[in-house]
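Asks: Sharing a structure here in structure tokens format.
The numbers here are math on the coordinates, done by the rules we state, and not lab data. All of these numbers come straight from a predicted model, not from anything done at the bench. Cβ sites come from the backbone with ideal geometry, for glycine too, and all protein chains shown count toward neighbours.
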Amino acid sequence: MADSQKEKDIREGKFFAVISYISFLCIISMILKKDNKFALYHAKHGLALFVLEVSCFIISIIPLLGWLIGMLAVVVFSLFSIWGILQALMGKYSRLPLISDIADKIIL
């Protein structure tokens, strides 16, 4: 992809890349900006985060151990979301540990 096209994708997809890390809003990015590689890259990461957040929420129903896992997950996933938002605002494609491995397997 030419640099000018890449810069255009970043400029046009930055807002959608940022909202991708806010809970289920990644779905909006996937629908409205499915042809924008930058927005789609971050939307896949947001979707992976969202699925893991829901999984941890379900696990948190287990007394004590689930609560501890749930609290740890909230902190970790919040940090991942903040990191992803900052990287999207800077116009970067960044890899998040574990999340990127899952996001790479998502086919739309």
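Asks: Report the one residue of 106, 56, 80 whose Cα lies farthest in the direction of the positive end of the charge dipole of the chain (charges on C-beta: Lys and Arg +1, Asp and Glu -1; origin at the Cα centre).
Replies: 106
Asks: To test your reading of the geometry: what angle, between 0 and 90 degrees and rounded to tens, separates the Cα axis of helix 3-19 from the longest principal axis of the chain?
Replies: 30 degrees
Asks: May I pose another question? Please determine, in degrees from 0 to 90 and to the nearest 10, the orientation of helix 37-59 with respect to the longest principal axis defined by the Cα atoms of the chain, where the helix direction is its Cα long axis.
Replies: 10 degrees
Asks: Let me ask something else. Using a simple charge model, +1 on the beta-carbon of Lys and Arg, -1 on the beta-carbon of Asp and Glu, nothing else, what dipole does the chain show about its Cα centre, in debye to the nearest 20?
Replies: Result for the chain is approximately 180 debye, rounded to the nearest 20.
Asks: Shifting gears a bit: Find, to one decimal place in angstroms, the Kirkwood hydrodynamic radius of the chain, where the mean of 1/r is taken over every pair of different Cα atoms and then inverted.
Replies: Taking every pair of different Cα atoms in the chain, averaging 1/r and inverting gives 14.1 Å.
Asks: Against the longest alpha carbon principal axis of the chain, how many degrees, from 0 to 90 and to the nearest 10, is the axis of helix 65-89 turned?
Replies: Approximately 10 degrees, to the nearest 10.
Asks: Based solely on its DSSP helices, what 222 nm [θ] is calculated for the chain when runs of n ≥ 4 H residues each add -39,500 (n - 2.57) and the sum is averaged over all residues, nearest 500 deg cm²/dmol?
Replies: -24000 deg cm²/dmol
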